[in-house]
1. Check every one of the strands (runs of 3 or more DSSP E) wholly within segment 38-104 and list those with 3 or more residues that are at pLDDT 95 or above and closer than 30 Å to residue 148 by Cα.
2. Kindly indicate which of 84, 66 is in contact with a strand residue (DSSP E or B) (Cβ under 8 Å, 6 or more places away or on another chain), more than 17 Å from residue 34 (Cα to Cα) and surrounded by 10 or more Cβ atoms within 10 Å (Cβ to Cβ).
3. Could you pull out the residue among 120, 116 that is in a strand (DSSP E or B), without any contact (Cβ under 8 Å) to a residue 60 or more places away in the chain and under 25 Å from residue 9 (Cβ atoms)?
4. Which of the following residues is surrounded by 11 or more Cβ atoms within 10 Å (Cβ to Cβ) and free of Cβ contacts under 8 Å to residues at least 12 places away in the same chain: 137, 127, 109?
5. Go through 157, 183 for me and flag whichever is over 22 Å from residue 122 (Cβ atoms), outside any strand (DSSP E or B) and assigned by TED's automatic domain parsing to the domain that holds residue 127.
6. From the list 139, 131, 122, which residue is at positive phi and either at pLDDT 95 or above or within 15 Å of the chain's Cα centre (by Cα) (or both)?
7. Look at residue 77 and say whether it is in contact with a helix residue (DSSP H, G or I) (Cβ under 9 Å, 6 or more places away or on another chain), farther than 29 Å from residue 164 by Cβ and not assigned by TED's automatic domain parsing to the domain that holds residue 145.
8. Could you check how many residues of segment 68-116 are within 15 Å of the chain's Cα centre (by Cα) and farther than 27 Å from residue 50 by Cβ?
């Protein structure tokens, strides 16, 4: 396994990942995580979200700093453009998760990645969202992801296979049950 600076490859602390994998193999309940986000509607399409604590490794954990996200719509969709819109946030989540998944799994397997960039495009027909057609899906009909990776040529197919381990790829390609509840304040 080719390593950068001790046990790090691709900016990933390989020994820490190996330790985590070993701990989870010994105690599978450590693998159960629950992530949370609190969203506040500001006005129109503008939303402000805060990412706070999360549960994992049988305990509550906190991020090192408060994390916030802004979402809005562009003016053409009656917004004020104060943040990426929700479907753009979804593309970002997919890009980041696919990338991190490939980088982490590549590091564990000794695959060196020098550079990695991606471009994503999603096709959406707003007639579904607007309730104008029952035949049109409300969300993305198709998402295309194009990666450009600087690595040995023999690693490209391996990286493509590793990308399928991404949790956000799983959610977007297989769907996840979402339970929506609405209560009075």
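The values are calculated or read from the model by the stated rules, or taken from the named source; none is laboratory data. Keep in mind it's a predicted model, so treat the numbers as computed, not measured. Quick reminder, even Gly has a Cβ in these numbers, built from the backbone with ideal geometry, and neighbours come from all protein chains shown.
1. 67-71
2. 84
3. 116
4. 127
5. It is 157.
6. 131
7. Against the criterion (in contact with a helix residue (DSSP H, G or I) (Cβ under 9 Å, 6 or more places away or on another chain), farther than 29 Å from residue 164 by Cβ and not assigned by TED's automatic domain parsing to the domain that holds residue 145), residue 77 qualifies.
8. 1
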